[in-house]
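Student: Have a look at the structure that comes next, please.
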Amino acid sequence: MRPGDRRLLEQYLAHLRVERGLSANTLAAYRRDLRRYLADLARTDDDTAAIEPARLTAWVQTLRTGADGGSALSAASAARALAAVRGLHSFLEAERVSSTGDPTRLVPSPAVPARLPHPLAIDQVESLLEAASRPGTGRDATERALRDRALVEVLYGLGARISEATGMDLDDVDRAERSAVLRGKGDKHRVVPVGRYALEALDAYLTRGRPALASRGRGTPAIFLGSRGTRLTRQAAWQVVQRAAETAEIPEAVSPHTLRHSFATHLVHGGADVRAVQELLGHASVTTTQLYTKVTVDSLREAHAIAHPRARRGA
């Protein structure tokens, strides 16, 4: 990468970190995609501040095949890389570094097929919750079981992202109002209701589980703690869900995001308005939330095809 491009990249990443409050993981993804882009421009000696839309379009096409020397990307990953490049050029235009404006406005994004979520059935969620409650072995086994149950209840009952759940602090839960604060992407926060089961699981953990775990640390406001008394990491929380899924013998792959999908899908199946679900999930666009409406329509179509006399094959 050319020194000038490296400076531009660092200035842009600093802008994202300070002005937009993006997480370290998101910044790392931006850095990776933009380094690949800037390296390709350096290879052909193209001026980053005066790039043409046709050159950008050609680069996006190379992402799908790996012709630029990197690994071949899926349509979704190529679209993500282009989004990072769009942000960079928008920044360069705003800072008056670009001599040709923002060329990405004329570059189409790769078509990304809509990926429908695969939610758990309600009885599978109940089995997962019961499995999370079973104490394992070793030190603090009972306390960790209380924590794991509360964590899974929060992921499913609040529709929280894994980073939102592990980022929760003690002051974020208002028992009187039965609500909680979740801090989402870009440090945006939203207040969501906490159902009775989630509240009961949290109370049990905070009363009988967290104190023992906290005694092993140096003091932290985090709700969910690891065995050393420090904030539970995303990786450890992921393992909690996977262990519970294995114990419950759920055949499908289950991740924390599966519980978020299930939360949203079960709300839509229960008649919740898609705009309300959007607010609960913290989605910036209702288009993302409408995937769950599609799931419901597909379920209805399947039921119609099976049960309606005029829909049966050969009717």
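The values are calculated or read from the model by the stated rules, or taken from the named source; none is laboratory data. For clarity, every value in this text was computed on a predicted model and none was experimentally measured. Neighbour counts are summed over all protein chains in view; Cβ atoms, including those assigned to glycine, are modelled from backbone coordinates with ideal geometry. Only protein heavy atoms, including side chains, enter the accessible area calculation; ligands, DNA and RNA are left aside. Shrake-Rupley method; radii C 1.70, N 1.55, O 1.52, S 1.80 Å.
Student: Please state which of the following conditions Thr104 fails to meet, knowing it meets all the rest: (1) open to solvent by less than 70 Å² (accessible area, probe 1.4 Å); (2) out of contact with any His (no Cβ under 9 Å at 6 or more places or on another chain); (3) assigned to a helix (DSSP H, G or I).
Tutor: (2)
Student: Against the definition (crowded, with 20+ Cβ neighbours inside 10 Å and farther than 25 Å from Gln278 by Cα), how does Leu158 come out, yes or no?
Tutor: For Leu158, the condition - crowded, with 20+ Cβ neighbours inside 10 Å and farther than 25 Å from Gln278 by Cα - is not met.
Student: When you scan the stretch 226-247, do you find a residue that is touching a Pro at 6+ places or on another chain (Cβ under 7 Å), under 16 Å from Glu153 (Cα atoms) and open to solvent by 10 Å² or more (accessible area, probe 1.4 Å), even just one?
Tutor: yes
Student: Quick one: would you say Leu120 is of a type in the set (A, V, I, L, M) and either surrounded by 13 or more Cβ atoms within 10 Å (Cβ to Cβ) or in contact with a Ser or Thr (Cβ under 7 Å, 6 or more places away or on another chain) (or both)?
Tutor: Yes.
Matching residues to (1) out of contact with any Cys (no Cβ under 8 Å at 6 or more places or on another chain); (2) of a type outside the set (A, V, I, L, M); (3) loosely packed, with under 15 Cβ neighbours inside 10 Å; (4) in contact (Cβ under 8 Å) with a residue 40 or more places away in the chain:
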position	(1), (2), (3), (4)
Arg31	yes, yes, no, no
Ala39	yes, no, no, no
Arg64	yes, yes, yes, yes
Ala67	yes, no, yes, no
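Student: Among what's in the stretch 41-52 and is open to solvent by 30 Å² or more (accessible area, probe 1.4 Å) and of a type outside the set (A, V, I, L, M), pick the residue that is nearest to Gly70 (Cα to Cα).
Tutor: Across the stretch 41-52, the extreme among qualifying residues is Arg43.
Student: Still on this model: When you go through Glu246, Glu252, Glu279 one by one, which is the residue that is among the charged types (D, E, K, R) and assigned to a loop (DSSP other than H, G, I, E, B)?
Tutor: Glu252
Student: In the stretch 17-29, what count of residues is obtained for those that are loosely packed, with under 13 Cβ neighbours inside 10 Å and in a helix (DSSP H, G or I)?
Tutor: Count: 4.
Student: Output the residues belonging to the stretch 128-170 that are of a type in the set (Ser, Thr, Tyr) and in a loop (DSSP other than H, G, I, E, B).
Tutor: Listed by number, the residues that qualify are Ser133, Thr137.
Student: Are any residues in the stretch 123-144 closer than 16 Å to Ala204 by Cβ, open to solvent by 50 Å² or more (accessible area, probe 1.4 Å) and either modelled with pLDDT of 90 or more or among the hydroxyl-bearing types (Ser, Thr, Tyr) (or both), and if so, which ones? Don't jump to the end; show me each part of the working.
Tutor: Taking the stretch 123-144 as the starting set, the residues that turn out to be closer than 16 Å to Ala204 by Cβ are 129-130, 132-135, 140-144.
Filter once more, keeping what is open to solvent by 50 Å² or more (accessible area, probe 1.4 Å): 130, 134-135, 142, 144.
Answer for the stretch 123-144, where residues must be closer than 16 Å to Ala204 by Cβ, open to solvent by 50 Å² or more (accessible area, probe 1.4 Å) and either modelled with pLDDT of 90 or more or among the hydroxyl-bearing types (Ser, Thr, Tyr) (or both): Glu130, Arg134, Thr142, Arg144.
Student: Working carefully through the options Val173, Val191, find the one that is more than 22 Å from Leu129 (Cα to Cα) and aliphatic (A, V, I, L, M).
Tutor: Val191
Student: Search the stretch 222-235 for residues being in contact (Cβ under 8 Å) with a residue 24 or more places away in the chain and either among the hydroxyl-bearing types (Ser, Thr, Tyr) or not in a loop (DSSP other than H, G, I, E, B) (or both), and hand back the single one that is farthest from Asp174 (Cα to Cα).
Tutor: The residue in question is Ser227.
Student: Something else: For the stretch 33-58, name all the residues that are part of a helix (DSSP H, G or I) and over 19 Å from Arg6 (Cα atoms).
Tutor: Those that are part of a helix (DSSP H, G or I) and over 19 Å from Arg6 (Cα atoms): Pro53, Ala54, Arg55, Thr57, Ala58.
Student: While we're on this one: Looking only at the stretch 202-221, how many residues end up being small (Gly, Ala, Ser) and in contact (Cβ under 8 Å) with a residue 60 or more places away in the chain?
Tutor: Within the stretch 202-221, residues that are small (Gly, Ala, Ser) and in contact (Cβ under 8 Å) with a residue 60 or more places away in the chain number 2.
Student: Right, something else. Could you grab me the full set of residues in the stretch 171-221 that are of a type in the set (D, E, K, R), part of a helix (DSSP H, G or I) and modelled with pLDDT under 90?
Tutor: Result: Lys185, Asp187.
Student: Working carefully through the options Ala14, Ala79, find the one that is among the hydrophobic types (A, V, I, L, M, F, W, C), under 30 Å from Leu267 (Cα atoms) and either surrounded by 16 or more Cβ atoms within 10 Å (Cβ to Cβ) or at pLDDT 90 or above (or both).
Tutor: Ala79
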